[in-house]
Amino acid sequence: MIVHHVGYLVPSIEGAMESFSFLGFRKTGEVVRDEERKVFISFLSGANRALVELIQPVDEQSPVYPLMVRQGPGTYHLCFSVPRFEKESLLPRLKGLRFVPVGKIAPAPACENQEVGFFYSNKIGLIELLFTSDG
């Protein structure tokens, strides 16, 4: 497992760009609307290849909207890249460590439709697993 990106919840992707640009980040592509998760997503890359995923709720019905209202912008999750062939052996290990699935594992339009799954631990918070085909 390697860190793929840091998910950062923002009220507006365009509004956050000025600050992230100042910090040395640039957009790597277009803003993507993820219908399944009801969010807009944009990836940014830093000079050292660090990836940040900006996540903006589509509207008040978005599952992340209440968190945005309650906590404001900030770090939302840490995403790890995992080879797809490790998925079946990894899921029971996560359960043994008391990670609880949040939603279902499903393709993510912003990640070339590779599967992602979110898991919550009361010890470390939310993580995302990106199951890659090139692992």
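General observations
- Net charge of Cβ neighbours under 15 Å - reference residue 28; Lys, Arg +1; Asp, Glu -1: 0
- Gyration tensor (alpha-carbon) shape descriptor, the range 41-135, a/c threshold 1.5: oblate
- With a Förster radius of 30 Å applied to the beta-carbon distance between residue 87 and residue 122, the computed FRET efficiency rounds to 0.80.
- Using a probe of 1.4 angstrom and keeping all protein chains present, the accessible surface of the range 1-113 works out to 63 square angstrom per residue.
- For the chain, the Cβ-based charge dipole about the Cα centre amounts to some 540 debye (Lys, Arg positive; Asp, Glu negative; other atoms uncharged).
- Protein accessible area in the chain, 1.4 Å probe - carbon and sulfur %: 54 percent
- Residue-count net charge about residue 42 - beta-carbon cut-off 12 Å; Lys, Arg +1, Asp, Glu -1: -1
- Of all beta bridges that DSSP places with both ends in the chain, some 75 percent have antiparallel geometry.
- Sorted on the mean count of surrounding Cβ atoms within 10 Å across their residues, most packed first, peptides 3-9, 82-88 read 3-9, 82-88.
- Value at 222 nm in deg cm²/dmol, rounded to 500, when DSSP H runs of n ≥ 4 in the chain each add -39,500 (n - 2.57): -5500 deg cm²/dmol
- Degrees, to the nearest 10: 13-22 long Cα axis against longest axis of the chain: 80 degrees
- For residue 7, the residues whose amide H sits under 5 Å from its own are 53, 76, 77, 78, 79, ignoring neighbours fewer than 5 places away on the same chain, with H placed 1.01 Å from N.
The values are calculated or read from the model by the stated rules, or taken from the named source; none is laboratory data. Since this is a predicted model, take the numbers as computed values, not measurements. Don't worry about glycine lacking a Cβ; one is built from the backbone with ideal geometry, like all the others, and counts go over all protein chains shown. Surface accessibility is based on the protein's heavy atoms, side chains included, excluding ligands, DNA and RNA. Shrake-Rupley method; radii C 1.70, N 1.55, O 1.52, S 1.80 Å.
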